[in-house]
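One structure is given below, encoded as structure tokens.
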Amino acid sequence: MLTHFIGGEPVVAGKAFPVHNPVTGTVIRQVCEADPEVVDRAVRAAREAAPGWAALPVAERAGWMRRLAEGIEDRFDALVAAEIADTGKPLDQTRTLDIPRGIANFRAFAEIAAQRPDDAFHLSGVLSYTVRRPLGVVAAIVPWNLPFLLMTWKLAPALVAGNAVVVKPSEHTPGTAAVFGEICAAVGLPPGVVNIIYGYGSAGRLLVEHPGVDAVTFTGSTGTGSAIMRAVADRVKPVSFELGGKNAGLVFADCDLDRAVEGTAKSVFTNGGQVCLCTERLYVQRPIFEEFCARLAVRALEVAPQPMISAEHRDKVLSYYALARSEGAKMLAGGGVPVFGDHRDSGYFVEPTVVTGLSEWSRFNREEIFGPVCHVAPFDTEAEAIDLANGSEYGLAATLWTGSLDRAHRVAQRLEAGLVWVNTWYLRDLRTPFGGVRLSGIGREGGVQSLDFYSEPTTITIKLEQPDA
Ligand SMILES: NC(=O)C1=CN([C@@H]2O[C@H](COP(=O)(O)OP(=O)(O)OC[C@H]3O[C@@H](n4cnc5c(N)ncnc54)[C@H](O)[C@@H]3O)[C@@H](O)[C@H]2O)C=CC1
Ligand SMILES: O=C(O)/C=C/C=C(\O)C(=O)O
């Protein structure tokens, strides 16, 4: 049984719920589900720990972040195993992206926080400077697609800024959080600074609504983001939201076609398309449209299918494949469920899929699907491409493939998205602002933007005595 981690100790409480392995569909663990008492206990533990933690010099908290990074290195294999068991993602990706990013998150925020100067302004004999204090107790609500990467992406800046945290991982992916609790205990992190509770959205709701929680950081669906916003509205709690996307890829005829096909295949199919940054709407300039479609379809057939996180999510993705057909789409590749002839046939797989022929106004082209699928449409002019890319209620990421430096700058600056990649996809510098506009979120994570969210500034202004002239 996987137990909560509260006040530095394992806590067995609440009913048990099952977690399934997406590759086989079988139950792999039972997990304690947080009820109101458990949530209250976790928040109280965090509140008790918060003042002592906040009082530490930032250099000392940065030292703890480095120790946590070392703790992750020590438990690397256990984390890899837990991530794979819960998500069914490939070993290679887990070893090179998910777990190393946890280490990088703690190291990066240790450096960013330790080196950050306070702001100071001097004007006409008036000196103003700003000090920042932590918010207190932060609730971190984490999704299932990159569970360890995204949990640590929130924990590292929240902790180094001086907050205590209560984390609620997704009900589908509690495994790496449980190992992380053991790491906190092993490195001797002060009890209550990190608390981890498990459960469904109902537990998340109890947590964000708890009066002892000062702020909420959330990554997940736009619907859940707005539910959280309503739940915390009365207490006007600060929220940081990284929500869904319906990301566009623009492929211009002057691009390096090999690179564009390969990069696009990555941007559509990585993690089974279950990354908020994945491309779902692709626009290709007419002279290369046919060739590009044909080559992307071949790549779709070559990609090893990855399971969706759950039976419900597989059914959701398949419902969009059916919707595409009913809306009159042409399937260029995929569109069904792969048959392996082995234990994977009871898992949650869908075929990597490429679709064309739908209007911009179709539901398929407007709603986030979150699977290994994209729609491809032709365009003629640069202006048309920009309009198509911007024609979404979302605005998280966009990808641009072109051989022209001028065009790259010109188009990138007109795309209404928080992130634009040119001739690449998902290249990350952890110091840069990360997040989206419109339905894709509120605020930015990354670098000093994260530290700003997890702290409040106080401006101190002093009138300096002017020497006699
Ligand atoms: N980063 C992203 O863009 C993600 C988007 N999604 C999208 O969301 C769809 C649904 O997936 P779900 O797992 O249901 O995502 P979700 O957004 O409902 O779940 C994410 C987290 O929020 C928690 N949660 C749910 N309701 C809550 C509430 N009222 N208060 C507080 N916490 C709550 C969940 O337990 C989980 O830990 C997917 O099909 C996909 O389209 C899902 C995961 C990540
Ligand atoms: O920080 C990253 O590198 C990735 C972030 C991805 C998401 O937020 C997501 O898929 O939800």
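Quick look at the values:
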quantity	calculated
Condition check for residue 236: out of contact with any Asp or Glu (no Cβ under 9 Å at 6 or more places or on another chain) and on the phi > 0 side of the Ramachandran plot	yes
Filter result for residue 400 (away from ligand 1 (no atom under 16 Å from the Cβ), closer than 21 Å to residue 268 by Cβ and without any contact (Cβ under 8 Å) to a residue 12 or more places away in the chain)	no
Tally of residues being part of a strand (DSSP E or B) and surrounded by fewer than 21 Cβ atoms within 10 Å (Cβ to Cβ) across the stretch 21-55	4
Top-ranked residue of the stretch 419-447 - restricted to ones that are within 16 Å of ligand 2 (Cβ to nearest atom) and touching a Lys or Arg at 6+ places or on another chain (Cβ under 7 Å), ranked as nearest to residue 261 (Cα to Cα)	425
Hits in the stretch 56-80 (condition: aliphatic (A, V, I, L, M), part of a helix (DSSP H, G or I) and either in contact (Cβ under 8 Å) with a residue 40 or more places away in the chain or in contact with a strand residue (DSSP E or B) (Cβ under 8 Å, 6 or more places away or on another chain) (or both))	58, 59, 62, 65, 68, 69, 72, 78, 79
Elements of type strands (runs of 3 or more DSSP E) in the stretch 233-313, at least 2 residues being within 14 Å of ligand 2 (Cβ to nearest atom)	239-242, 279-285
Hits in the stretch 333-373 (condition: under 17 Å from residue 266 (Cα atoms) and without any contact (Cβ under 8 Å) to a residue 60 or more places away in the chain)	333, 334, 351, 353, 355
Any hit, the stretch 104-111, residues being small (Gly, Ala, Ser), surrounded by fewer than 24 Cβ atoms within 10 Å (Cβ to Cβ), touching a residue at least 24 places away in the same chain (Cβ under 8 Å) and in a helix (DSSP H, G or I)	yes
Lone qualifier among 383, 389 - being crowded, with 23+ Cβ neighbours inside 10 Å, away from ligand 2 (no atom under 16 Å from the Cβ), among the hydrophobic types (A, V, I, L, M, F, W, C) and part of a helix (DSSP H, G or I)	389
Residue in the stretch 415-426 that is surrounded by fewer than 18 Cβ atoms within 10 Å (Cβ to Cβ) and within 16 Å of ligand 1 (Cβ to nearest atom) present	yes
Any hit, the stretch 340-350, residues being assigned to a strand (DSSP E or B) and out of contact with any helix residue (DSSP H, G or I) (no Cβ under 6 Å at 6 or more places or on another chain)	yes
Enumeration of residues in the stretch 114-165 that are surrounded by fewer than 24 Cβ atoms within 10 Å (Cβ to Cβ), of a type in the set (Gly, Ala, Ser) and in contact with a His (Cβ under 9 Å, 6 or more places away or on another chain)	128
Filtered residues of the stretch 176-220 (kept if within 15 Å of ligand 1 (Cβ to nearest atom) and touching a Pro at 6+ places or on another chain (Cβ under 8 Å))	176, 177, 196, 198, 206, 215, 216, 219, 220
Matching residues in the stretch 22-47 - criterion: being among the small types (Gly, Ala, Ser) and in contact with a helix residue (DSSP H, G or I) (Cβ under 8 Å, 6 or more places away or on another chain)	25, 34, 42
Strands (runs of 3 or more DSSP E) lying entirely in the stretch 112-223 (those with 2 or more residues that are free of Cβ contacts under 8 Å to residues at least 40 places away in the same chain and away from ligand 2 (no atom under 16 Å from the Cβ))	120-123
Test: residue 240 is under 19 Å from the mean Cα position of the chain (by Cα) and under 13 Å from residue 139 (Cβ atoms)	yes
Any hit, the stretch 299-307, residues being assigned by the TED database to the domain that holds residue 410, loosely packed, with under 14 Cβ neighbours inside 10 Å and of a type in the set (A, V, I, L, M, F, W, C)	yes
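The rows are residues; the columns are (1) at pLDDT below 95; (2) assigned by the TED database to the domain that holds residue 332; (3) out of contact with any Gly (no Cβ under 6 Å at 6 or more places or on another chain); (4) buried (at least 23 other Cβ atoms within 10 Å of the Cβ).
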| residue | (1), (2), (3), (4) |
| --- | --- |
| 257 | no, yes, yes, no |
| 260 | no, yes, yes, yes |
| 264 | no, yes, no, yes |
| 268 | no, yes, yes, yes |
| 273 | no, yes, no, yes |
| 281 | no, yes, yes, yes |
| 284 | no, yes, yes, yes |
| 289 | no, yes, yes, no |
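The values are calculated or read from the model by the stated rules, or taken from the named source; none is laboratory data. Since this is a predicted model, take the numbers as computed values, not measurements. Neighbour counts are summed over all protein chains in view; Cβ atoms, including those assigned to glycine, are modelled from backbone coordinates with ideal geometry.
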